[in-house]
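In what follows, a structure is listed as structure tokens, so that the remarks can point back to it.
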Amino acid sequence: MELAWYALLGLFLAGYLVLAGYDYGVGLLLARGGPPAHRRAALTAVGPFFLGNEVWLVATAGILFGAFPALEGELLSGLYPVVAAALGGTITVTVGVQLRSRPTGEPTRAAWDRVVAAGSLAAAFGWGALLAGLLQGVPLAADGHVTGVGHVATPFAALAGLAMAALMAAHGATFLTLRLPAEAAAPLTRTARRLVAAALAAVALAAVAGLLSDRVRAATQRPLPAVLLPLVLVTALLVARTALGRRRPGVAFAATSAALALPVVGVGAALWPYALVSTGAPGASLSVADAAASGPTLTLLGWLVLPLLPALLGFQAMCWWVFRGRTDGRTPVYW
């Protein structure tokens, strides 16, 4: 049962990164500036999905708190600088998008756009550094508690955070090639291809830093998923770049979506059967089974989640169906 809940936790976290990833990606694109009409069009394209995508984060937090209370405590205390950056960026983006839509002057809207871009960068960097922090292990003491927070400040965590930001920027630009009118999507296709190339470089740098990190090598329980992760990521990004060049935005969006989900799958598989690997006291690593709540608690949560999961998936599917096509009402050939 612990494995099923751990997989469900990974599913919701990966779903959140994919869906909110294009929110943050569009937010990062606002840093380019540009005419007010272009910035407004980008936010309009993401608007129908924005708040619904955040529900996946709430669901992820609910599963973490309810099904893995021990993991929740050590995760938030041991990695709280990057958790705070991720959550603070998420809140900043939500506030910035809402307030920039109020009837104010263009200078004020431009200022809020910069706030949204900064929040998007903080959120993307925080989630990437969080996954890197898990992969490189945490200093657990003999009592099972994390000691200090300096272990987060490593080149690998920093490069992984930047790689996540680059991935989300490419994902957001690819999303806009699906949603904006055809005449506006054409120049964005070129931008998306450049951002995919930047993401490839960022992923390569993070992968090299991980391979050279003694902490990552020591914490990895299953080397094969850790080695395959950057290779599959690069493959997904190459598919996205090729699809963009051939005017197949649907294929490109599916590929960038896979690129954002893969780190969650890769980190989980590389650490299994542990949720937190200790780089401190020997034998202090926290296994998934030990991190999980009791059997009766998991059973009770299962009865609660059983009707909520199809409702959430159904709502997401309905939202995409209702707002399918471009913002001018025309439906493109996605594939």
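Nothing in this text is a laboratory measurement; each read-out follows from the coordinates by a stated rule. Not measured: the values here are computed from a predicted model. No Cβ is skipped: glycine too gets one built from the backbone with ideal geometry, and neighbour counts run over all protein chains shown.
Data for the structure
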item	result
Estimated inter-spin distance, T299 and A31, nm [label 7 Å along Cα→Cβ]	5.1
Viscosity 0.692 mPa s, temperature 37 °C, Stokes-Einstein D of the chain from Kirkwood C-alpha radius, µm²/s	161
Theoretical ellipticity at 222 nm over the chain - DSSP helices of four or more residues, -39500 (n - 2.57) apiece, nearest 500	-26500 deg cm²/dmol
Amide H within-cut-off set for S287, under 5 Å, with H built and near neighbours excluded	A275
Contour minus Cα-Cα distance for T242 and A204 (0.36 nm per residue)	11.8 nm
FRET efficiency for R40 and A84, using Cβ-Cβ distance with R0 set to 25 Å, rounded to 0.05	0.25
Label point distance in nm, V58-E72, each placed 7 Å from Cα along Cα→Cβ	1.6
0 to 90° range, to nearest 10: angle between helix 249-271 axis and the chain longest Cα axis	10
Distant alpha-carbon pairs in region 189-335 (separation over 19 angstrom), percent	68
Sorted peptide list for 145-151, 112-118, criterion being average Cβ within 10 angstrom, highest first	112-118, 145-151
Cα centroid separation, region 280-327 to region 193-222 (Å)	27
Taking the convex hull of Cα positions in region 243-294, its mean projected area over all directions (nm²)	5.5
Projected label distance in nm at F323 and Q221, using a 7 Å step from Cα toward the beta-carbon	3.9
Crossing angle, helix 80-100 versus the chain [Cα axis fit, 0-90 degrees, rounded to tens]	20
C-alpha long axis of helix 69-78 to longest principal axis of the chain, angle in °	70
Highest-first arrangement of 206-217, 81-92, where packing means the average Cβ count within 10 Å	81-92, 206-217
